[in-house]
1. Restricting to region 172-186, name every residue that is within 24 Å of Ala78 (Cβ to Cβ) and either under 20 Å from the mean Cα position of the chain (by Cα) or acidic (Asp, Glu) (or both).
2. For region 19-46: of the residues being surrounded by fewer than 15 Cβ atoms within 10 Å (Cβ to Cβ) and among the small types (Gly, Ala, Ser), which is nearest to the chain's Cα centre (by Cα)?
3. For region 45-148, give me every one of the helices (runs of 4 or more DSSP H) that falls completely inside it and has 3 or more residues that are under 17 Å from Ile15 (Cβ atoms), outside the structural domain of Ala8 (by TED's automatic domain parsing) and aromatic (Phe, Trp, Tyr).
4. Which one of the conditions (1) under 23 Å from Asn185 (Cα atoms); (2) out of contact with any Cys (no Cβ under 6 Å at 6 or more places or on another chain) does Trp93 fail to meet, given that it meets all the rest?
5. Among (1) touching a residue at least 60 places away in the same chain (Cβ under 8 Å); (2) surrounded by fewer than 16 Cβ atoms within 10 Å (Cβ to Cβ), which single condition is Glu16 missing?
6. Of Lys170, Lys81, which residue is basic (Lys, Arg), at pLDDT 95 or above and exposed (fewer than 13 other Cβ atoms within 10 Å of the Cβ)?
7. Filter region 106-140 down to the residues that are surrounded by 19 or more Cβ atoms within 10 Å (Cβ to Cβ) and touching a Phe, Trp or Tyr at 6+ places or on another chain (Cβ under 7 Å), then identify the one that is modelled with the lowest pLDDT.
Amino acid sequence: MDCNEKRAAIIQATIELVSENGFHGSPVAMVAKRAGVAAGTIYRYFESKDVLIGATYTDLEGRLQEKALEGFPEQGSARDKFSHLARVLVTHWISSPVEFRFLEQFHNSPYGTALRRDKLFGKEKDLCRQIFEEALEQQEVRDLPIPMLFSLAFGPLIFVCRDHNLGFFKLDAALLEQAVDGCWNAVKR
């Protein structure tokens, strides 16, 4: 295994184990075993478990960002941009439930809370925030704080993904469009 393959194997093992066992139930030794590397090898790539978890999130976020930018309607309305992003995220999350579980745990942990705060309050660049800033400027959405707009518009989609992944219903293209429309309708003027 070359360096890139080892790093990728470590990241993938981290995603899988954290989604199965949580952060505390996924010690570095277990990650190393799942990745097929020695425990010391992990520390050649990541100085600590916290750094490994952050790097794993950054890797997943980068992949999602790439997907979101494919066919992104730069010249479209905020609603068009929201719909595109929502469809991309939901489609990815239901096709990759292990990644979805990792991301859910990350965002609801101390690891992700500070990052979410920075994105929602504009300290770090974020596509979702940009969409809602544009929508507010063009008066397409209710005059609410951006974190609330995000919660109202994307929160239900997270539950839709979770419930689809749990087998409570089958999310097909028609249901996805209804869900995205319903979420936009929750925030539109």
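1. Leu176, Glu177, Ala179, Val180, Asp181, Cys183, Trp184, listed by residue number.
2. Gly22
3. Fully inside region 45-148 and qualifying: 97-107.
4. Result: Trp93 fails condition (2) only.
5. Here Glu16 clears every test but (2).
6. Of Lys170, Lys81, the one residue that is basic (Lys, Arg), at pLDDT 95 or above and exposed (fewer than 13 other Cβ atoms within 10 Å of the Cβ) is Lys170.
7. Ranking the qualifying residues of region 106-140, first place goes to Leu120.
Residue-wise test of (1) within 25 Å of Asp2 (Cα to Cα); (2) among the charged types (D, E, K, R).
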{"position": "Tyr45", "(1), (2)": "yes, no"}
{"position": "Lys49", "(1), (2)": "yes, yes"}
{"position": "Thr56", "(1), (2)": "yes, no"}
{"position": "Gln65", "(1), (2)": "no, no"}
{"position": "Glu70", "(1), (2)": "no, yes"}
{"position": "Val88", "(1), (2)": "no, no"}
{"position": "Thr91", "(1), (2)": "no, no"}
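The values are calculated or read from the model by the stated rules, or taken from the named source; none is laboratory data. From a predicted model like this one, the values you see are computed outputs, not experimental measurements. Note: ideal-geometry Cβ built from the backbone for every residue, glycine included; neighbour counts use all protein chains shown.
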